[in-house]
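What follows is a short report on a single structure.
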Amino acid sequence: MQNNDFYYLGKILRTFGNKGQLMVQLEVDEPEKYLNLESVYLDIYGEQIPFFITSIELKTRNSAIFSFTDVHSGDEAEEYTGMEMFLPISRLPELTGNQFYYHEVEGFTVVDTRFGELGTIETILDLRQQALFQIRYGDKEILIPAVDGIILEINRERKIITIEAPEGLIDIYI
(Lines give C-alpha, C1' and ligand atoms only; values in the text may rest on other atoms or scores of the structure.)
Protein backbone atom coordinates (compact mmCIF):
# COMPACT_ATOMS: atom_id res chain seq x y z
CA MET A 1 0.00 0.00 0.00
CA GLN A 2 1.06 3.58 -0.63
CA ASN A 3 0.99 6.39 1.94
CA ASN A 4 -2.14 7.92 0.40
CA ASP A 5 -3.96 4.63 1.07
CA PHE A 6 -3.81 5.38 4.81
CA TYR A 7 -5.28 7.91 7.18
CA TYR A 8 -3.71 9.32 10.30
CA LEU A 9 -4.96 7.73 13.53
CA GLY A 10 -2.65 9.27 16.10
CA LYS A 11 0.81 9.48 17.58
CA ILE A 12 2.64 7.44 20.20
CA LEU A 13 3.49 9.88 22.96
CA ARG A 14 5.43 7.79 25.47
CA THR A 15 5.77 4.45 27.16
CA PHE A 16 3.31 3.49 29.88
CA GLY A 17 4.56 1.23 32.64
CA ASN A 18 7.28 -1.36 32.12
CA LYS A 19 5.39 -4.07 30.22
CA GLY A 20 5.67 -2.54 26.76
CA GLN A 21 2.50 -0.49 26.77
CA LEU A 22 2.34 2.80 24.90
CA MET A 23 0.34 5.99 25.48
CA VAL A 24 -1.22 7.12 22.19
CA GLN A 25 -2.82 10.48 21.35
CA LEU A 26 -5.76 9.61 19.07
CA GLU A 27 -6.72 12.17 16.42
CA VAL A 28 -10.22 10.90 15.65
CA ASP A 29 -13.71 12.21 16.41
CA GLU A 30 -15.00 9.08 18.14
CA PRO A 31 -12.12 7.19 19.81
CA GLU A 32 -14.46 4.59 21.31
CA LYS A 33 -15.07 3.24 17.79
CA TYR A 34 -11.40 2.21 17.61
CA LEU A 35 -11.20 0.09 20.75
CA ASN A 36 -11.54 -3.24 18.91
CA LEU A 37 -8.78 -2.76 16.36
CA GLU A 38 -6.75 -5.84 15.52
CA SER A 39 -3.83 -3.91 14.07
CA VAL A 40 -2.48 -0.49 13.19
CA TYR A 41 0.32 0.65 10.92
CA LEU A 42 3.32 2.54 12.26
CA ASP A 43 5.24 4.86 10.00
CA ILE A 44 8.81 3.54 10.20
CA TYR A 45 11.22 5.34 7.87
CA GLY A 46 8.36 6.28 5.54
CA GLU A 47 6.91 2.77 5.33
CA GLN A 48 3.66 1.67 6.97
CA ILE A 49 4.46 -1.45 9.00
CA PRO A 50 1.61 -3.45 10.59
CA PHE A 51 1.59 -3.96 14.37
CA PHE A 52 -0.89 -6.35 15.93
CA ILE A 53 -2.73 -5.24 19.03
CA THR A 54 -3.40 -7.28 22.17
CA SER A 55 -5.34 -4.55 24.00
CA ILE A 56 -6.47 -0.93 23.88
CA GLU A 57 -7.67 0.98 26.94
CA LEU A 58 -9.17 4.43 26.52
CA LYS A 59 -7.72 6.73 29.23
CA THR A 60 -9.14 10.16 28.33
CA ARG A 61 -11.26 11.53 25.50
CA ASN A 62 -8.40 11.23 23.00
CA SER A 63 -5.71 9.14 24.63
CA ALA A 64 -5.40 5.39 24.97
CA ILE A 65 -2.96 2.76 26.17
CA PHE A 66 -1.98 0.33 23.39
CA SER A 67 -0.35 -3.06 23.89
CA PHE A 68 1.23 -4.67 20.83
CA THR A 69 1.76 -8.39 20.38
CA ASP A 70 5.55 -8.25 20.01
CA VAL A 71 6.39 -5.44 22.44
CA HIS A 72 6.95 -6.79 25.96
CA SER A 73 9.13 -4.31 27.85
CA GLY A 74 9.53 -0.61 28.45
CA ASP A 75 12.84 -0.65 26.58
CA GLU A 76 11.22 -2.24 23.52
CA ALA A 77 8.31 0.22 23.69
CA GLU A 78 10.69 3.18 23.92
CA GLU A 79 11.76 2.54 20.29
CA TYR A 80 8.25 3.46 19.09
CA THR A 81 7.70 6.73 20.99
CA GLY A 82 7.05 9.64 18.65
CA MET A 83 5.91 7.40 15.80
CA GLU A 84 2.70 8.07 13.92
CA MET A 85 -0.06 5.47 13.62
CA PHE A 86 -2.24 4.91 10.56
CA LEU A 87 -5.11 2.79 9.33
CA PRO A 88 -6.03 1.92 5.74
CA ILE A 89 -8.59 4.29 4.21
CA SER A 90 -10.60 1.21 3.28
CA ARG A 91 -11.44 0.81 7.01
CA LEU A 92 -13.19 4.17 7.23
CA PRO A 93 -16.94 3.86 7.66
CA GLU A 94 -18.90 5.24 4.71
CA LEU A 95 -20.38 8.67 5.37
CA THR A 96 -23.68 9.89 3.98
CA GLY A 97 -25.46 13.20 3.55
CA ASN A 98 -23.32 16.27 4.13
CA GLN A 99 -20.72 14.44 6.21
CA PHE A 100 -17.42 13.85 4.42
CA TYR A 101 -13.80 12.94 4.84
CA TYR A 102 -11.34 15.54 3.63
CA HIS A 103 -9.62 13.17 1.22
CA GLU A 104 -13.00 12.14 -0.20
CA VAL A 105 -13.98 15.57 -1.61
CA GLU A 106 -10.69 16.62 -3.15
CA GLY A 107 -11.40 17.07 -6.85
CA PHE A 108 -15.13 17.72 -6.31
CA THR A 109 -16.64 20.68 -8.16
CA VAL A 110 -18.03 23.45 -5.96
CA VAL A 111 -21.20 25.21 -7.13
CA ASP A 112 -22.51 28.31 -5.36
CA THR A 113 -26.24 29.11 -5.49
CA ARG A 114 -25.53 32.68 -6.73
CA PHE A 115 -22.24 32.46 -8.63
CA GLY A 116 -22.63 28.99 -10.17
CA GLU A 117 -19.62 26.76 -10.70
CA LEU A 118 -16.58 28.02 -8.80
CA GLY A 119 -14.04 25.31 -9.60
CA THR A 120 -12.63 22.16 -8.05
CA ILE A 121 -11.37 21.55 -4.55
CA GLU A 122 -7.59 21.21 -4.70
CA THR A 123 -7.23 20.45 -1.02
CA ILE A 124 -8.75 21.16 2.35
CA LEU A 125 -6.79 23.39 4.66
CA ASP A 126 -7.32 22.07 8.17
CA LEU A 127 -6.77 25.19 10.24
CA ARG A 128 -7.23 25.42 13.99
CA GLN A 129 -10.24 27.77 13.64
CA GLN A 130 -11.97 25.81 10.86
CA ALA A 131 -11.35 23.83 7.71
CA LEU A 132 -11.33 25.63 4.36
CA PHE A 133 -11.97 24.34 0.85
CA GLN A 134 -9.10 25.55 -1.33
CA ILE A 135 -10.73 25.95 -4.74
CA ARG A 136 -8.99 26.68 -8.05
CA TYR A 137 -11.00 29.31 -10.01
CA GLY A 138 -9.12 29.85 -13.26
CA ASP A 139 -5.79 31.32 -12.18
CA LYS A 140 -7.16 32.39 -8.79
CA GLU A 141 -7.71 30.70 -5.47
CA ILE A 142 -10.94 30.83 -3.49
CA LEU A 143 -11.11 29.80 0.17
CA ILE A 144 -14.53 28.73 1.44
CA PRO A 145 -15.20 27.56 5.02
CA ALA A 146 -16.09 23.85 5.04
CA VAL A 147 -18.92 24.24 7.54
CA ASP A 148 -22.50 23.02 7.79
CA GLY A 149 -24.03 26.50 7.44
CA ILE A 150 -22.49 26.93 3.98
CA ILE A 151 -22.68 23.40 2.54
CA LEU A 152 -26.15 22.69 1.18
CA GLU A 153 -25.57 19.33 -0.53
CA ILE A 154 -22.85 16.83 -1.35
CA ASN A 155 -23.56 14.76 -4.45
CA ARG A 156 -21.01 11.95 -4.38
CA GLU A 157 -22.14 10.40 -7.66
CA ARG A 158 -21.65 13.62 -9.63
CA LYS A 159 -18.77 14.83 -7.40
CA ILE A 160 -20.44 18.18 -6.74
CA ILE A 161 -20.72 20.20 -3.54
CA THR A 162 -23.43 22.85 -3.58
CA ILE A 163 -22.86 25.80 -1.26
CA GLU A 164 -24.43 29.10 -0.35
CA ALA A 165 -21.51 31.35 0.46
CA PRO A 166 -22.04 34.27 2.82
CA GLU A 167 -22.75 37.61 1.17
CA GLY A 168 -19.56 39.17 -0.21
CA LEU A 169 -17.24 36.19 0.43
CA ILE A 170 -16.78 35.13 -3.18
CA ASP A 171 -16.67 38.77 -4.35
CA ILE A 172 -13.33 39.29 -2.58
CA TYR A 173 -11.74 36.56 -4.73
CA ILE A 174 -13.14 37.19 -8.22
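The values are calculated or read from the model by the stated rules, or taken from the named source; none is laboratory data. Treat the numbers as computed from the prediction; the structure is a model and nothing was measured. A quick note on method: Cβ atoms are made from the backbone with ideal geometry, for glycine too, and the neighbour counts reach across all protein chains shown. When the accessible area is computed, the model is the full protein with side chains, heavy atoms only, and any ligands, DNA or RNA have been set aside. Shrake-Rupley method; radii C 1.70, N 1.55, O 1.52, S 1.80 Å.
Observations on the model:
- Matching residues in the stretch 46-63 - criterion: being more than 15 Å from ILE12 (Cα to Cα) and outside any strand (DSSP E or B): GLY46, ARG61
- Number of the exception - GLU76 against (1) open to solvent by 40 Å² or more (accessible area, probe 1.4 Å); (2) assigned to a loop (DSSP other than H, G, I, E, B): (2)
- Contacts under 8 angstrom Cβ, first residue in the stretch 103-117 being outside any strand (DSSP E or B) and of a type in the set (A, V, I, L, M, F, W, C), partner open to solvent by 50 Å² or more (accessible area, probe 1.4 Å) and at pLDDT 95 or above, 6 or more apart: PHE108/THR120; PHE108/LYS159
- Among the criteria (1) exposed (fewer than 12 other Cβ atoms within 10 Å of the Cβ); (2) over 29 Å from VAL105 (Cα atoms); (3) in contact (Cβ under 8 Å) with a residue 40 or more places away in the chain, the one SER90 does not fulfil is (2).
- The set of residues in the stretch 33-44 being modelled with pLDDT under 95 and either under 15 Å from LYS11 (Cα atoms) or aliphatic (A, V, I, L, M) (or both) consists of TYR34, LEU35, LEU37, ASP43, ILE44.
- With respect to the conditions (1) aromatic (Phe, Trp, Tyr); (2) modelled with pLDDT of 95 or more; (3) within 28 Å of ILE174 (Cβ to Cβ), PHE66 lacks only one, and its number is (3).
- All conditions but one from (1) without any contact (Cβ under 8 Å) to a residue 24 or more places away in the chain; (2) open to solvent by 30 Å² or more (accessible area, probe 1.4 Å); (3) among the hydroxyl-bearing types (Ser, Thr, Tyr) apply to TYR34; the one that does not is (1).
- Any hit, the stretch 64-71, residues being of a type in the set (A, V, I, L, M), surrounded by 11 or more Cβ atoms within 10 Å (Cβ to Cβ) and assigned to a loop (DSSP other than H, G, I, E, B): yes
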